[in-house]
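As structure tokens, the structure follows; a few thoughts come after it.
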Amino acid sequence: MSRLKTCFGVLASQNRTALIPFLTAGDPHPNQTVDIMHTLVEGGADIIELGIPFSDPMADGPVIQLADERALAHNTSLTDALGMVKEFRKTNTDTPVVLMGYLNPVEVYGYKRFAVDAADVGVDAILTVDLPPEASEEMVRELSDQGLDSIFLIAPTTTDARIKKIVAAGSGYLYYVSVKGVTGSASLDVSAVEARLETIRNSTDLPIAVGFGIKDPVSAKAVGSIADGVVVGSALVNIIAQNQDDKTALLTQVGDFTQSLSDAISA
Amino acid sequence: MSKTPKKPYLDTPDALGNFGPYGGRFVSETLMAALEDLEALYDRLSSDADFIAEFDKDLADYVGRPSPLYYAERWSDKLGGAKIYLKREDLNHTGAHKVNNTIGQALLAKHTGKSRIIAETGAGQHGVATATVAARLGMDCEIFMGAEDIQRQALNVYRMRLLGAKVNSVSSGTKTLKDAMNEAMRDWVTNVDDTFYIIGTVAGPHPYPKLVRDFQCVIGREAKRQCQEQTGGLPDALVACVGGGSNAIGLFHPFLEDDSVELYGVEAGGHGVETGEHAAPLCVGKPGVLHGNRTYLMEDENGQIIPTHSVSAGLDYPGVGPEHSWLKDCGRANYVSINDDEALAAFRELTLVEGILPALESSHALAYAAKLAKTMSKDKIIIVNLSGRGDKDIHTVAKIDGISID
């Protein structure tokens, strides 16, 4: 059974929601990423979304744009990110790792080669922001051949017809984008999200994680009560940015913040 | 599909927006519904007689079409080869070909009922053309422009503000056209319910490359008719500059079936393609995915987009419209590059010899046409798309000359 399936199975049996923090590989420096990943797990992360930096992150707000710039200042590549997962897996074989990013670095790497290498280092799934299900057939097949899941976004604007296409192509979990906007934008409306999740659940049994606009324990708890997973990105990346010059403080702050989110959604 | 057509570059794109392996729709999920709606609207209106009549009337009465096809006799004689004709898009209202497309998209926007228009711009010509149609329709307008381009195109920035548009300076990334497009996409994803995004070139997610092409094809249709009237036949070659490639597609597309007509797209060679400081993805780039479409890009070995350079802000873009990528692979069009200094020389030459001040973008096409003309006999005909006028570039050229005109 895949790590993601096991993870959501265990969480369901304990009636818990997955805490899914996001960080950008190589931010603030490639040699800190693996330590941050372990700290996230110690703080209560159930799944980690590891961002692949891209020069033109069109779907991201300023916080994650800057994280990509910091990572790219050290030339962090997709190859480097795979190396970080390999390093992480030396001591953590349980926590699922989802790579999240834009299509072009994967295109250049080559779909098949990427799927083989990602599976080899212990990646569990891929979320490619700018690859809609219509254009994903080849990528999904290559990933699936290696036992990797393909995670797709569903947005507030997604039509019912599109939801059917997306749930058919997706595996692992679905990622519901709670607001119209880029990452790190306005606060979300929990009741509107709840209504959408109900609609999506009519079409699928896949777990649904919710992201965009969750920035603190209060919003994490609110979303955690209706979703199967809670994704926290910009708020965490902001803490990394604020502590980029102090490795020890960075890990302490990241650990404390993660713990506060974990406590909130478990309470 | 049971067989490959003989001319696979005709009848493009397919239903999914693909030009061979290029094009498509690579955007985040939030925008997919808006693009599907736009596609359905355009499919309906593009064959609607009233819509076509309204577009043609605006092009005639507001833009001032048809634009002349002018025989640059003195310049042709001086070069000593083929006859060069200039398609005078510089004489359009707002001073460039860009307005053909913004008129068309503004009519689409009106049909959507959305109240707000956004656009990206490089040299500012598309921004001006968008602010112009927004003013005419009484719609709110915000333009995204790279901080570096705002510096070198101050005149157009002020024009946009006079037209009532808000100009947002984009300081991320390389602070040029590609970053302006990223920021416009971010705005659109946030305000998709009430905002219509007028993309300025034949790039972006489907259906933009198709609809922008269709609106710009008036250039080639007119040129074909005018050439037949003036010379009794078809031209032998067409030359146009290529940044995103909308003026080039507009000229080329109505001639794709005419095998005798050679097509030349001229990219910005910057300091020279061998220096790496240029904006010539078709000449030396590789296919990849950026801004919603698969196309030739300037990218590094890790798939990161690399900075471009051109003296002309309108060509300073690391990608290109997907139809150009397909025309290149099919061998139907040739893509070449002209360096900054060659373009500047052509800018001065046309101004002195013909009394026409061309945009620095169009000067790339002129420079290549001059080279090409010399290799052709005097009975041959070249049409160059003079896509815009050069008033906006006077500050840039004066600065290069070491003269302050502030």
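The values are calculated or read from the model by the stated rules, or taken from the named source; none is laboratory data. All figures in this text were calculated on a predicted structure; none of them were measured in a lab. Every residue, glycine among them, receives a Cβ derived from its backbone with ideal geometry; neighbour counts consider all protein chains shown. These area figures cover heavy atoms from the full protein model, side chains too; ligands, DNA and RNA do not enter into them. Shrake-Rupley method; radii C 1.70, N 1.55, O 1.52, S 1.80 Å.
For the condition under 18 Å from A:Gly26 (Cβ atoms) and more than 14 Å from chain B (Cβ to nearest Cβ), A:Lys86 qualifies.
Is it true that B:Asp193 is among the charged types (D, E, K, R), under 21 Å from B:Ile117 (Cβ atoms) and touching a Ser or Thr at 6+ places or on another chain (Cβ under 9 Å)? Yes: the conditions hold for B:Asp193. Screening the candidates A:Leu143, A:Leu131, A:Leu127 for the property of being touching a Gly at 6+ places or on another chain (Cβ under 9 Å) and not basic (Lys, Arg) yields one hit, A:Leu127.
A quick yes/no check of all residues on (1) within 16 Å of the chain's Cα centre (by Cα); (2) of a type in the set (Gly, Ala, Ser):
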residue: B:Gly285; (1), (2): no, yes
residue: B:Val289; (1), (2): no, no
residue: B:Arg294; (1), (2): no, no
residue: B:Glu301; (1), (2): no, no
residue: B:Thr308; (1), (2): no, no
residue: B:Ser312; (1), (2): yes, yes
residue: B:Asp316; (1), (2): yes, no
residue: B:Gly321; (1), (2): yes, yes
residue: B:Ser325; (1), (2): yes, yes
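Evaluated against (1) under 26 Å from B:Ser169 (Cα atoms); (2) open to solvent by 10 Å² or more (accessible area, probe 1.4 Å), B:Ala119 falls short on exactly one condition, (2). Name the single residue, out of those in segment A:50-79 being more than 10 Å from chain B (Cβ to nearest Cβ) and either buried (at least 18 other Cβ atoms within 10 Å of the Cβ) or among the basic types (Lys, Arg) (or both), that is nearest to A:Ser2 (Cα to Cα). Restricting to residues being more than 10 Å from chain B (Cβ to nearest Cβ) and either buried (at least 18 other Cβ atoms within 10 Å of the Cβ) or among the basic types (Lys, Arg) (or both), the top hit is A:Leu50. Scan segment A:134-155 and give yes if some residue there is within 14 Å of chain B (Cβ to nearest Cβ), free of Cβ contacts under 8 Å to residues at least 12 places away in the same chain and closer than 18 Å to B:Thr30 by Cα, otherwise no. Checking segment A:134-155: at least one residue is within 14 Å of chain B (Cβ to nearest Cβ), free of Cβ contacts under 8 Å to residues at least 12 places away in the same chain and closer than 18 Å to B:Thr30 by Cα.
On the given criteria, is B:Leu344 at pLDDT 95 or above, under 21 Å from the mean Cα position of the chain (by Cα) and not acidic (Asp, Glu)? Here the answer is yes, as B:Leu344 does meet what is asked.
Note on segment A:13-27: residues that are touching a residue at least 12 places away in the same chain (Cβ under 8 Å) and open to solvent by 10 Å² or more (accessible area, probe 1.4 Å) amount to 3. A:Ala12 passes every criterion in (1) more than 12 Å from chain B (Cβ to nearest Cβ); (2) hydrophobic (A, V, I, L, M, F, W, C); (3) farther than 20 Å from A:Tyr175 by Cβ apart from (3). All of (1) open to solvent by less than 30 Å² (accessible area, probe 1.4 Å); (2) farther than 16 Å from A:Met100 by Cβ; (3) in contact with a strand residue (DSSP E or B) (Cβ under 6 Å, 6 or more places away or on another chain) hold for A:Leu236 with one exception: (2). When you scan segment B:282-308, how many residues do you find that are among the acidic types (Asp, Glu) and either surrounded by fewer than 20 Cβ atoms within 10 Å (Cβ to Cβ) or within 21 Å of B:Arg186 (Cα to Cα) (or both)? The total comes to 2.
B:Trp326 falls short on exactly one of the conditions (1) away from every other protein chain (no Cβ under 14 Å); (2) of a type in the set (A, V, I, L, M, F, W, C); (3) in contact with a helix residue (DSSP H, G or I) (Cβ under 9 Å, 6 or more places away or on another chain), and that condition is (3).
A single member of A:Arg201, A:Arg196 is closer than 19 Å to A:Pro133 by Cα and of a type outside the set (Gly, Ala, Ser), and it is A:Arg201. Of the residues A:Leu127, A:Leu197, the single one that is more than 14 Å from chain B (Cβ to nearest Cβ) and in contact (Cβ under 8 Å) with a residue 12 or more places away in the chain is A:Leu197.
Quick one: which of B:Val336, B:Val311, B:Val320 is more than 14 Å from chain A (Cβ to nearest Cβ), within 24 Å of B:Lys178 (Cα to Cα), open to solvent by 10 Å² or more (accessible area, probe 1.4 Å) and touching a Ser or Thr at 6+ places or on another chain (Cβ under 8 Å)? Of B:Val336, B:Val311, B:Val320, the one residue that is more than 14 Å from chain A (Cβ to nearest Cβ), within 24 Å of B:Lys178 (Cα to Cα), open to solvent by 10 Å² or more (accessible area, probe 1.4 Å) and touching a Ser or Thr at 6+ places or on another chain (Cβ under 8 Å) is B:Val311. Considering segment B:252-264, and only residues there that are out of contact with any Phe, Trp or Tyr (no Cβ under 8 Å at 6 or more places or on another chain) and open to solvent by less than 20 Å² (accessible area, probe 1.4 Å), the residue that is farthest from B:His309 (Cα to Cα) turns out to be B:Phe255.
Among the residues making up segment A:159-192, a single one is open to solvent by 30 Å² or more (accessible area, probe 1.4 Å), in a loop (DSSP other than H, G, I, E, B), under 26 Å from A:Leu143 (Cβ atoms) and more than 10 Å from chain B (Cβ to nearest Cβ): A:Ser171. Taking the criterion of being of a type in the set (Phe, Trp, Tyr), within 25 Å of B:Met32 (Cα to Cα) and either touching a residue at least 12 places away in the same chain (Cβ under 8 Å) or open to solvent by less than 30 Å² (accessible area, probe 1.4 Å) (or both), would at least one residue in segment A:80-102 satisfy it? Within segment A:80-102 (the criterion being of a type in the set (Phe, Trp, Tyr), within 25 Å of B:Met32 (Cα to Cα) and either touching a residue at least 12 places away in the same chain (Cβ under 8 Å) or open to solvent by less than 30 Å² (accessible area, probe 1.4 Å) (or both)), the answer is yes, since at least one residue qualifies. For segment B:360-390, residues that are open to solvent by 10 Å² or more (accessible area, probe 1.4 Å) and closer than 18 Å to B:Ala123 by Cα total 2. Considering segment B:88-108, and only residues there that are closer than 30 Å to B:Lys380 by Cβ and over 14 Å from the mean Cα position of the chain (by Cα), the residue that is least open to solvent (accessible area, probe 1.4 Å) turns out to be B:Asn92. Within segment B:265-281, the residues that satisfy the criterion of being of a type outside the set (S, T, N, Q) and either without any contact (Cβ under 8 Å) to a residue 12 or more places away in the chain or surrounded by fewer than 24 Cβ atoms within 10 Å (Cβ to Cβ) (or both) are B:His271, B:Gly272, B:Val273, B:Glu274, B:Gly276, B:Glu277.
Among the residues of segment A:146-161, are any of a type in the set (Ser, Thr, Tyr) and farther than 26 Å from A:Ile64 by Cα? Walk me through how you get there before you give the answer.
Let us first name the residues in segment A:146-161 that are of a type in the set (Ser, Thr, Tyr), namely A:150, A:157-159.
Adding the requirement that they be farther than 26 Å from A:Ile64 by Cα leaves A:159.
Within segment A:146-161 (the criterion being of a type in the set (Ser, Thr, Tyr) and farther than 26 Å from A:Ile64 by Cα), the answer is yes, since at least one residue qualifies.
Scanning segment A:200-224 for residues being surrounded by fewer than 18 Cβ atoms within 10 Å (Cβ to Cβ), touching a residue at least 12 places away in the same chain (Cβ under 8 Å) and part of a helix (DSSP H, G or I) gives a total of 1.
Residues that are crowded, with 24+ Cβ neighbours inside 10 Å and within 14 Å of chain B (Cβ to nearest Cβ) do not occur anywhere in segment A:30-49. Residues in segment A:156-176 that are under 17 Å from A:Gly224 (Cβ atoms) and without any contact (Cβ under 8 Å) to a residue 40 or more places away in the chain: 1 in all.
Among the residues examined, B:Leu45 qualifies as open to solvent by less than 10 Å² (accessible area, probe 1.4 Å) and in contact with a His (Cβ under 7 Å, 6 or more places away or on another chain).
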